[in-house]
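The values are calculated or read from the model by the stated rules, or taken from the named source; none is laboratory data. These numbers come from a predicted model, not from an experiment. Virtual Cβ from ideal backbone geometry, glycine too; neighbours counted across all protein chains shown. Quick note on the areas: whole protein, heavy atoms, side chains included, nothing else; ligands and nucleic acids left out. Shrake-Rupley method; radii C 1.70, N 1.55, O 1.52, S 1.80 Å.
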Amino acid sequence: MELSSKYNPAELEERWYAHWMAKGYFHSEPDEREPYTIVIPPPNVTGVLHMGHMLNNTIQDVLIRRARMKGYNACWVPGTDHASIATEAKVVNKLKSQGIEKAQISREEFLEHAWEWTHKHGGIILEQLKKLGASCDWNRTAFTMDESLYESVIDVFIDLYNKGLIYRGVRMVNWDPQALTAVSDEEVFYKEVQSKLYYVRYKVEGENDYITIATTRPETILGDTAVCVHPEDERFTRFHGKKVIVPLVNRPVPIIVDEYVDREFGTGALKITPAHDINDYNLGLKHNLPSIDIFNDNGTLSEAAGLLVGIDRFEARKAIVPLLEEAGLLVKTEDYVNKVGFSERTDAVIEPRISLQWFLRMQAFAKQALEVVENDTIQFHPPKFKNIYRHWMENVKDWCISRQLWWGQRIPVYYLPNGGMVVAKSPEAALAEAQNRWPEAGFTATDLRQDEDVVDTWFSSWLWPISVFDGIRHPDNPDMKYYYPTNDLVTAPDIIFFWVARMIMAGLEYPKDIPFKNVYFTGIVRDKHGRKMSKTLGNSPDPLDLIASYGADGVRMGMLLTAPAGNDLPFDEALCEQGRNFSNKIWNALRLVKGWAVDPSAAPTEAAKAAALWFDARFKQVLAQTEDDFAKFRLSDALMGIYKLVWDDFCSWYLEMVKPEYGKPIDPETLAVTNNFFRRLMQLLHPFMPFITEEVWSHLKQSGDESDIIISQLPLAEKFNDVVLKQFEFTAELVNAIRKFRAEKNIPMRDKLNLTLKEIPQDYSRIFDAVVTKLGNLESLSEVHEAPTGALGFVVRSTECFVPALASFNTEEERSKIQAELEYTRGFLKSVEAKLANERFVANAPAKVIETERKKQSDALARIAVLEKQLALLEG
């Protein structure tokens, strides 16, 4: 089969992915092999592929493909998250575009619309992952609203409630006025904003005196129930026990004293609004203050505000300023920079608000979840993230798990007319329990009112490694016993508490075992200027466009070349181009090898024998390093090592050593050895670049061989011949020096040279003479003990190399070059000797560093001696 002159990734990628799917290579069932399991961090069901997904899933695919080739029963479970807030917001907007308000339809009707939206838009991202080459077990695709996963969430809620770990209470929560729901502390992010600090006078009741406070939120004055001063602040001692009149609403409120007050902030006096600030809320509890909620769910002012009712909170802020000015109560305003909380989900400014919500006690889980990370039962890569994790665990707060939404797992709590409530799996079970507990009440099904809220999306995601194997409902089922705990989790550090910590907690609570053994934290994908990629900045390329331009293999390689664990990835499209160029390099190497004619009677050349000896050692060396890199989760380093092995060692050196002269055939033994090396290289590279490696493998197979690289056995690490590698180092330096010599002297490669060497190093073997002769195009290569007269020279380390003088030789030019090199080497020697003369350096530097510096010193001295001899020969 003739190979096309250009590598065409689009056609080949589609064909090979379909082939792998048809063969069922991605599917896993429990068997006698050791399992290797990964669960995908489930993306939003209606999401589309972005650069973060590309990085995360490429890493997962590398790990799963490698495990498959190492003989493990590899299982990568894909799936999606129902994403309560994001999906409900999209459905609400869709209904609005049709003239329908959510409040106008029933819950059941809304859920029909939500499911319709999910079926229409859901799963797109999973199809996009196939373009990337993700080898997920698609038969196991899970969705957090699937019946088994939904039921698992309900079972866990009931279990934790019965254990006394879930409770209902009135607390200050983070309210998202856009999503119309509470969100957890972890779903709030803070950013600095340019604000104003308003200084407002509060009249002391019954006196012609005032206390001035400073606030960034004058609209909340309408909800004030106290003013607070520090007990030791002498400026306010005379006001202790008195009252002030709240501006505009004329409500008398007490002046309270508390050491909480920062005397240096503003005026030293604080307005207290318990309903709309967490610190004020705590002071309100301590001092038994009333709480006035002046906001509606959507962030407009409520009837309780008394003024500006129905106006949005930010418009109310603008509107209240002139009212305060008219009343003579606004003293001044100042520019002020402060941190404001925003909803991670909608980017709306969070409104602290007192609300009746469901909470999960977290202290019960935190200690054990911290312990398994601290003692490395679960290992973090890189380990620096243990510090962040520890901070979260040691400062954990109860988790607000209720959300005022319809899309999600509905809280299984049923309220009764007598004020009682039951927690049950179904209305039928709830009714039975109610009738059992209050037999005299005669309750019927119509008396039950189920809680309107759903649980937080993370309350289903925290069960993901368990629920995808149905381990909550059926803890001893074959899948759960075989695949759990999983091996590696690949995720972003920004959800270390949202998801990673909570999965650990759920694992220790239910299967009583950790959910995974390793956590690999990816960095954030940034542009080459260091900015986080976003649609707003327009600096985030469409991953599918990149795949169309550079091929999936090219993009995968581009993503991983600069993706060290835990560090941000400075993405540049040029990296994908480098990946595509690498694919082309491999393709051209295949075309070269497949284009060789074979002479069955020919024997291997001495150069080919030496090349095979060296490359075998080099391959084994890189294989050993790759194993070490993977053990330490240094995937970028592993890829770079393989990249150099293929591009530099195989293509630029080995193939040049073994390829026959133009138009001549190759011997069958060298071709077989070359094909074997090529196949093993493709196996090593396959996890990173699956498509081109499978294609190359198919062209290198023997007749009748039906194997595919995806399930081939990865080469096992072996001892490698370090002596041969050392010997080849001088060989490569000598060949490069010959090529440089030719370039400097304008000697064409077709002209053969006679080369003599003086003082060949001991770590060079003459078996590589044939390689030097071939790659340097030499007529002869010999050793001498005295420098020949009338010869041109160059130096490799401390070995003098001589070529008979040519007619075109320019003595003066040669003298200048040697003199320049001599001066440079003397300068280098001086810097090394200065370092060695520094007593502090010698006393504190590691022995290996000192040894390296002394080696530099001896090499420089030897080189200077050689250069001085050459200069003397020219001048003599």
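In straight Cα distance, which lysines are under 18 Å from Lys339, not counting same-chain residues fewer than 8 positions off?
Partners found: Lys191, Lys196.
So what is log10(I(q)/I(0)) for the range 785-824 at q = 0.20, 0.30, 0.32, 0.34 1/Å, when the Debye sum runs over its Cα atoms only?
For the requested q values the scattering log ratios are -0.68, -1.17, -1.19, -1.20.
How large is ³J(HN,Hα) for each residue in the range 215-225, as worked out from phi by the Karplus curve 6.51 cos²θ - 1.76 cosθ + 1.60 (θ = phi - 60°), to whole Hz, x for Gly and Pro?
9, 8, 10, x, 5, 7, 3, 5, x, 5, 10
Name the residue from Asn844, Leu822, Val803 whose Cα lies farthest towards the positive end of the charge dipole of the range 794-850, charges +1 on Cβ of Lys and Arg and -1 on Cβ of Asp and Glu.
Farthest towards the positive end: Asn844.
Using the Kirkwood formula over every pair of different C-alpha atoms, what hydrodynamic radius in Å results for the range 669-725?
Values: mean 1/r = 0.0805 Å⁻¹.
Computed over the range 669-725, the radius equals 12.4 Å.
Taking H placed 1.01 Å from N in the peptide plane, check which residues at least 5 places from Ser195 or on another chain put their amide H under 5 Å from its amide H.
Tyr336, Val337, Asn338
Report ³J(HN,Hα) in whole Hz for each residue of the range 838-855, in order, from the Karplus equation J = 6.51 cos²θ - 1.76 cosθ + 1.60 where θ = phi - 60°; Gly and Pro get x.
Result, rounded to whole Hz: 7, 4, 5, 4, 5, 6, 9, 6, x, 4, 5, 5, 4, 4, 4, 5, 5, 5.
Give me the 1.4 Å probe accessible area per residue for the range 731-876, excluding ligands and nucleic acids, in Å². Could the numbers behind the result be given before it?
Numbers: 8350 Å² over 146 residues.
Accessible surface, normalised per residue, equals 57 Å².
Leaving ligands, DNA and RNA out of it, report the carbon-plus-sulfur percent of the accessible area of the chain at a 1.4 Å probe. Numbers along the way, then the final one.
Details: 19760 of 39400 Å².
In the chain, the share of accessible area belonging to carbon and sulfur is 50 percent.
Once all Cα-Cα distances of the range 1-80 are split into 10 Å bins that start at 0, what whole-number percent is in each one?
The percentages, shortest bin first, are 15, 36, 35, 13, 2.
Mind pulling the per residue volume of the convex hull built on the Cα atoms of the range 230-321? Å³ is fine. Intermediate results must be reported in sequence, preceding the final value.
Working: hull volume 10.5 nm³, N = 92.
It comes to 115 Å³ per residue, whole-number rounded.
Order these peptides, 787-793, 839-845, by their mean beta-carbon neighbour count within 10 angstrom, highest first. Walk me through the intermediate numbers first.
Working: 787-793: 15.9, 839-845: 10.7.
Answer by packing, highest mean first, reads 787-793, 839-845.
Would you mind calculating the relative contact order of the chain from Cα pairs under 8 angstrom and at least 6 residues apart, reporting the percent as a whole number? List each step's numbers first, then the result.
Values: 1462 pairs, mean separation 105.3, N = 876.
Here the relative contact order equals 12 percent.
Where does the Debye-calculated log10 I(q)/I(0) of the range 1-146 sit at q = 0.11, 0.16, 0.17, 0.20 Å⁻¹, using only Cα point scatterers of equal weight, no solvent?
Log-scaled intensity ratios, in q order: -0.55, -0.91, -0.98, -1.18.
Sort Ser343, Ser601 by heavy-atom solvent-accessible area, probe 1.4 angstrom, most to least. Walk me through the intermediate numbers first.
Details: Ser343 0, Ser601 100 Å².
Solvent-accessible surface, decreasing: Ser601, Ser343.
Hey, if you put +1 on the Cβ of every Lys and Arg and -1 on every Asp and Glu Cβ in the range 94-213, which of Leu160, Leu111, Val204 ends up farthest toward the positive end of that dipole?
Of the candidates, Val204 comes out farthest on the positive side.
Need the list of aspartates and glutamates near Lys481 for cross-linking: C-alpha distance under 14 angstrom, and skip anything on the same chain fewer than eight residues off.
Glu29, Asp31, Glu32, Glu34, Asp470, Asp513
So what's the net charge close to Leu753: Lys and Arg +1, Asp and Glu -1, counting the other residues with Cβ under 12 Å from its Cβ?
Result for the neighbourhood of Leu753: +3.
So what is the accessible area of the range 313-370 per residue, in Å², with the probe set to 1.4 Å? Each step should come with its number before you reach the end.
On the way: 2930 Å² over 58 residues.
It amounts to 51 Å² per residue over the range 313-370.
Enumerate the lysines that Lys817 could reach by cross-link, defined here as Cα to Cα under 19 Å, with residues fewer than 8 away along the same chain left out.
Cross-link targets: Lys740, Lys745, Lys869.
Give the Cα extents of the range 642-748 along the principal axes, in whole Å, largest first.
For the range 642-748, the Cα extents along the three principal axes come out at 52, 35, 25 Å.
Mind listing the phi-derived Karplus ³J(HN,Hα) values for the range 185-192, rounded to whole Hz, using 6.51, -1.76 and 1.60 with θ = phi - 60°, and x for any glycine or proline?
After applying 6.51 cos²θ - 1.76 cosθ + 1.60, I find 4, 6, 9, 10, 10, 10, 9, 6 Hz.
Out of the trypsin sites (Lys or Arg not before Pro) in the range 399-459, which ones are loop residues according to DSSP with at most 13 other C-beta atoms within 10 Å? All intermediate terms of the calculation are to be shown ahead of the outcome.
Working: sites: Arg403, Arg410, Lys425, Arg437, Arg449; in loops: Lys425.
Sparse-neighbourhood loop trypsin sites (Lys or Arg not before Pro): Lys425.
Run the simple label-point estimate for Gln98 and Val170 please: 7 Å along Cα→C-beta, distance reported in nm.
Going from the Gln98 label point to the Val170 one covers 4.0 nm.
Compute from the Cα atoms of the range 128-168 the Rg and the Dmax, the latter being the longest Cα-Cα distance, and quote both in angstrom.
Cα-based Rg and Dmax for the range 128-168 come out at 16.4, 47 Å.
List the residues, sorted by chain then number, that are 5 or more residues from Val525 or on another chain and whose placed amide H is less than 5 Å from its amide H.
Amide H to amide H, under 5 Å and 5 or more residues apart or across chains, Val525 pairs with Leu569.
From the gyration tensor of the Cα coordinates in the range 216-269, what semi-axes in whole Å does the equivalent ellipsoid have, largest first, with each one equal to sqrt(5λ)? Provide the component values of the computation, followed by the final result.
On the way: eigenvalues 77, 39, 13 Å².
One finds semi-axes of 20, 14, 8 Å for the range 216-269.
Residue farthest toward the positive end of the dipole of the chain, with Cβ of Lys/Arg at +1 and Asp/Glu at -1: which of Ala441, Phe189, Leu546?
Value computed over the given set: Leu546.
Check Glu759: other-chain or 5+ apart residues with amide H under 5 Å from its amide H, H built from backbone geometry?
Residues meeting the criterion, in which the H sits 1.01 Å from N, are Val784.
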